[in-house]
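The values are calculated or read from the model by the stated rules, or taken from the named source; none is laboratory data. Fair warning: this is a prediction, and the values are worked out from it, not measured in the lab. Cβ placement follows ideal geometry from the backbone for every residue including glycine, while neighbour counts extend to all protein chains displayed. SASA here: full protein model, heavy atoms, side chains in, ligands and nucleic acids out. Shrake-Rupley method; radii C 1.70, N 1.55, O 1.52, S 1.80 Å.
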Amino acid sequence: MATSRGLLAPLIAFLLLLLLTTPASALSASGQRVLVVTSSSGEAAHYSALSSHLEGRGFSVAHRTAQGGDAAQKLTEFDERRFDHIVFLADDVKKPSDDLSPQSLVEFNKAGGNIVFAYSPQRSDWLRDLAREFSLELAPSGQKLVDHFHPAKDGSIELRGTALVENNVVWDAETLQEVKRENAILLKDASPHLVGNNPLAFPLLRPDSTSYVGGEDGMPAWLGTERSLSLASAFQLRDSSARVAFVGSKHLLSDASLLSSRATSALIHSLTSWTFQERSVLRLERRSHYRVREGPADVRESYEEPEEGGEAKIYRIKDNVRYSIDVAQHDPVRGWVPAPTNLDLQVSLNMIDPFITAKLVAEDASQFSSNAAQFPPPPQQSNSTTRYSTTLRLPDRLGVYTFRLNWFRHGWTYLDDVKDVAPIRAFNHDEGERFLPASWPYAAASFSTIVGFVVFVVLWLLGGDAEKGGKGE
């Protein structure tokens, strides 16, 4: 009895440890290490609510100043990231340390790190140059957002709920509901920016049309009616889908703002959840394509290996091909779950330019097991993915084609540069019909020429003998 208890105790401890660590490990798709960078050590006390909020969600939060920090707080070591996410609040530092220089921050982002920049009108000029790397043009230093129609106490302004861009991919339903309920977001020392033409950048929070951007002289530099003017914007890299957010108000992340308004707290929660890749993260688990046979009598191989023994499948012109992908979505609590079924995915068959573009439709996993007449049977689908598929007919032109999935939507992880080589050959000499209807006119012309020639020869021979006999007489 004592032996069995001794064996059960470690097992129970292991199960409890697994249950406790599983939610934390599934929190973010890219990691749980967060670095909060401030101008001075005393300034970090003004953002304790933000740090507590991140720690409550399972993140490991570290603090440092932009011009200091020990070896354990360096951004990278031996070309490896020590942190997965950065909250950069040191906008007024003239020159940050080498590992937090603009070049280092850009390389950190390219390596897969996510960054939230929050700045005030008194920011340094190097931050404006850094924002241009992400197709954002910050307002000149010292100029801030002014709105005489919606003033508030302490020099703040009330930003109406309609200014929030209703992007359900970035903002969750609770955030949209809270902002609509309070119908106002208090902003203090806000400095907007212009969003450029780069399609990877998009606005999240716009100022009211009654506001303008100006300095102490009162002359407006930008008007709130500017279509590209934004108070909070996002940028997502094409290759790694790493995310960057620019917030034009440091006060929005401070304790005074987060603890005074539920709408502001929900706003920052959604913004950090999206930027730190807790939500709206997609992953392509597998992709496949195969020839759809017409029935049991179609015994031709579904694909042929090339002579070099590669993996490229060789199809024949006019084949029906089934293309499918399995997509998973990251959930902060459950990990990888099936992706939504309403994604407007599409695949194209390219040879320099797209020849065919087909829409991918989400399918139910139960229909694969019930459809026993399909040749060949489709690949097995995982319970944590959603399968999107389509059937397309290959063009009547041989060549080397590629299946490409090129999907860009603001907020979602980009699914791009996914290619499968698909060579398409012509019919072999023994794969055509025995008698082609298209050849009947040519065959009839040939046989008619032969028959006409024989008849002509016969008539010419018979007619020539009669003519010779008449002259001899």
When you scan the stretch 168-191, how many residues do you find that are of a type in the set (A, V, I, L, M, F, W, C), open to solvent by 30 Å² or more (accessible area, probe 1.4 Å) and closer than 16 Å to GLY411 by Cβ? 1
Test set (1) farther than 22 Å from GLN177 by Cα; (2) open to solvent by less than 40 Å² (accessible area, probe 1.4 Å) - THR225 fails condition number: (2)
Among (1) under 27 Å from the mean Cα position of the chain (by Cα); (2) surrounded by fewer than 19 Cβ atoms within 10 Å (Cβ to Cβ); (3) under 30 Å from TRP222 (Cα atoms) - the single one ALA111 does not satisfy: (3)
Going through HIS251, HIS269 one at a time, which residue ends up being closer than 22 Å to SER39 by Cα and open to solvent by 30 Å² or more (accessible area, probe 1.4 Å)? HIS251
Conditions (1) farther than 21 Å from SER382 by Cα; (2) outside any strand (DSSP E or B); number of the one not met by PHE355: (2)
Looking only at the stretch 43-56, which residues are without any contact (Cβ under 8 Å) to a residue 40 or more places away in the chain and open to solvent by less than 50 Å² (accessible area, probe 1.4 Å)? ALA44, SER51
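Conditions (1) open to solvent by 30 Å² or more (accessible area, probe 1.4 Å); (2) among the acidic types (Asp, Glu); (3) within 30 Å of the chain's Cα centre (by Cα), marked per residue:
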position: VAL213; (1), (2), (3): no, no, no
position: VAL247; (1), (2), (3): no, no, yes
position: THR264; (1), (2), (3): no, no, yes
position: GLN277; (1), (2), (3): no, no, yes
position: ARG283; (1), (2), (3): yes, no, yes
Sort out which residues of the stretch 61-91 are at pLDDT 90 or above and over 19 Å from ALA242 (Cβ atoms), and write them in order of number. VAL61, ALA62, HIS63, ARG64, THR65, ALA66, LEU89, ALA90, ASP91
